[in-house]
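Enquirer: Structure in structure tokens, see below.
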Amino acid sequence: MAEQYRSNIGFKIVIAFLVVLLLGSLAYTYNVIKDSNEIEKVLISEKDAVLKDLAISKDSLDGAIASNSILSIELINERDRVEKLIKDFQNSDIDAISAMKYKNDAINLKNKVSSLLKEVKELKDQNRILTQERDNAVVILDEAKKSFDNLQDKNYKMAETLEKASKLTVLNLLVESFAKKNSGKLVATDKARKTDILKISYTIAENLVSKPITKNYFVQVVDNNNNVLGDMKIENFGDKSLTYSFVSAINFENQTLQMTKELKVENLTSGTYLVNIYDKGELLVKTSISLR
């Protein structure tokens with residue numbers, strides 16, 4: 001009996017010990033599972049946070065690429081890297097090692113993206129300043145051009161005015177008819193058949209604007225039959241030609257100049273005789289005389 005009693009006591013002790021071990025194992029297993037669930041929640045939270053940061057980085061890169069071509073190649077390359085990391089991370093199993101790896105990769109990419117976006121902003125600011133400076137320069141150049149054109153127009157008008165003002169003015173053109181006596185004395189006459197000399201005189205007015213100049217005036221005397229008297233020489237001026245009676249050489253030095261020329265004529269008939277003075281091909285002044 002005593003032996004059986006001791007055997008029962010030992011069995012109960014063993015059973016009690018096993019129960020304690022089982023309870024301890026259950027408690028340990030519960031704690032492990034609990035800790036594992038907590039870790040999984042943390043890892044899922046970390047993964048979601050990393051994916052969210054990567055999505056923000058991608059959106060920022062998309063906006064930068066769409067809004068400007070500055071550093072577009074670098075921005076596209078970084079966006080491709082972000083998209084690949086998002087895809088890889090989404091398809092990966094969650095564990096502490098992979099989570100840490102992707103988190104580090106995400107941090108590095110985020111820093112690179114931030115650096116690129118900062119550079120883009122700086123370049124945009126510089127471009128904006130340069131564009132403003134260019135626009136200001138364009139306005140200044142436009143104003144300068146307007147001022148130059150205005151000044152040029154004034155200079156042109158002034159030059160035109162000076163040219164007109166410096167042009168010599170022929171005044172008081174007069175033609176007189178004379179008979180020449182054997183003594184050489186000239187006697188005024190209005191009879192054509194007695195006229196031996198047509199005296200042509202004119203005045204060049206004083207002009208202080210004009211430069212001293214030497215030039216020729218071409219004097220043309222035309223009878224009532226449209227014949228040119230005198231030398232009857234021809235001078236061409238471009239596509240125009242002029243038949244003239246004589247050349248009047250001018251040496252003008254700003255002061256009033258009186259010019260006179262005696263043109264020998266013969267066998268004149270009654271009628272009106274025209275006298276024209278040309279500066280090259282331009283008619284300056286004309287007059288006439290009638291002989292009976």
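The values are calculated or read from the model by the stated rules, or taken from the named source; none is laboratory data. Source: prediction; values computed, not measured. Every residue, glycine as well, gets a Cβ built from its backbone with ideal geometry; the counts of neighbours run over all protein chains shown. SASA here: full protein model, heavy atoms, side chains in, ligands and nucleic acids out. Shrake-Rupley method; radii C 1.70, N 1.55, O 1.52, S 1.80 Å.
Enquirer: How big is segment 189-231 by the Kirkwood estimate over distinct Cα pairs, in Å? The partial results should precede the final answer.
Expert: Values: mean 1/r = 0.0717 Å⁻¹.
By the Kirkwood definition, the hydrodynamic radius is 13.9 Å.
Enquirer: Sort 249-259, 165-175 by packing, meaning the average of other beta carbons within 10 Å per residue, with the highest value first.
Expert: Working: 249-259: 12.7, 165-175: 14.3.
Answer by packing, highest mean first, reads 165-175, 249-259.
Enquirer: Among Ala165, Asn225, Gln255, whose Cα sits farthest toward the positive end of the charge dipole of segment 140-273 (+1 at Cβ of Lys/Arg, -1 at Cβ of Asp/Glu, about the Cα centre)?
Expert: Looking along the dipole axis, the top candidate is Asn225.
Enquirer: Something else now. Give me the percent of the accessible area of segment 171-292 that comes from carbon and sulfur atoms, probe 1.4 Å, all protein chains in place. Before the final figure, lay out each step's value.
Expert: Details: 3240 of 7310 Å².
About 44 percent, which is the carbon plus sulfur part of the accessible surface.
Enquirer: About the Cα centre of segment 155-262, what is the dipole size in debye to 20, counting +1 per Lys and Arg Cβ and -1 per Asp and Glu Cβ, all else neutral? Numbers along the way, then the final one.
Expert: On the way: 15 positive and 12 negative charges, 64 e Å.
It comes to approximately 300 debye.
Enquirer: Once the piece of chain linking Leu283 and Glu74 is laid out straight, how much longer is it, given 0.36 nm per residue of separation minus the C-alpha distance between them?
Expert: Taking Leu283 through Glu74 to full extension adds about 67.4 nm, to one decimal.
Enquirer: Next question, about the same structure. From the alpha carbon gyration tensor of segment 189-263, can you work out the equivalent ellipsoid semi-axes (sqrt of 5 times each eigenvalue) and give them in Å, largest to smallest? The partial results should precede the final answer.
Expert: Details: eigenvalues 142, 70, 14 Å².
Over the Cα atoms of segment 189-263, the ellipsoid semi-axes are 27, 19, 8 Å.
Enquirer: Now, a different point. Take the Cα radius of gyration of segment 156-231 and divide it by 2.2 N^0.38 Å, with N its residue count; two decimals is plenty.
Expert: 1.59
Enquirer: Give the calculated FRET efficiency between Asp239 and Arg134 to the nearest 0.05, with a Förster radius of 45 Å applied to their Cβ-Cβ distance. Spell out each step's value before the answer.
Expert: Working: r = 51 Å, r/R0 = 1.14.
Working from the Cβ atoms, E equals 0.30.
Enquirer: Using a basic spin-label model with each label point 7 Å from the Cα along Cα→Cβ, how many nm lie between Asp149 and Ala179?
Expert: Label-label distance for Asp149 and Ala179, simple model: 7.1 nm.
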